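A.B. asks: Structure provided below as structure tokens; questions to follow.
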Amino acid sequence: MYVLWLQLSAAVTVYLCLILQEESSSEREEKRLLSVKVKLDEGGYGYVFSIKTTDLSVRWKCHLCDVLIIGQKHVDTHIQSKKHQVKMALPSHPASMFTRLDTKPLGKSLFCLPHMK
């Protein structure tokens, strides 16, 4: 009986660790997406994504494409879309499309690459 309890306990521990890793990965991806910037036509940089959390959902806004996206899964799909990738490749973007602005230069990790799993 004791051995069975230990095996069950170990399985539960592994399961909980996997859930925590997944949440950490999701949080890291959210942070990465919220840090992506593009160059603006008036100088400076605009953050591509912003996020609004409600009781019922997480709503993402892609300022580059001017679309509202509900849920992380749909954000991943949007990032891989041709429309988004073409706009990311443009040399500059209208500042009027962005609400989150930054005057700091782009860093190496701030390019929006397709999400790899």
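The values are calculated or read from the model by the stated rules, or taken from the named source; none is laboratory data. Here the structure is a predicted model, which is why all the values come from computation and not from measurement. Glycine gets a Cβ as well: all are built from the backbone with ideal geometry, and neighbour counts include every protein chain shown.
A.B. asks: So, of the residues in segment 1-53 that are basic (Lys, Arg) and part of a helix (DSSP H, G or I), which turns out to be modelled with the lowest pLDDT? Lay out the reasoning, then the answer.
C.D. replies: Our first condition is that a residue be basic (Lys, Arg); within segment 1-53, this holds for 28, 31-32, 37, 39, 52.
Retained after the next criterion (residues that are part of a helix (DSSP H, G or I)): 28, 31-32.
Details: Arg28: 86, Lys31: 91, Arg32: 92.
The qualifying residue modelled with the lowest pLDDT is Arg28.
A.B. asks: Out of all the residues in segment 61-95, which are polar (S, T, N, Q), part of a loop (DSSP other than H, G, I, E, B) and in contact (Cβ under 8 Å) with a residue 40 or more places away in the chain?
C.D. replies: Ser92
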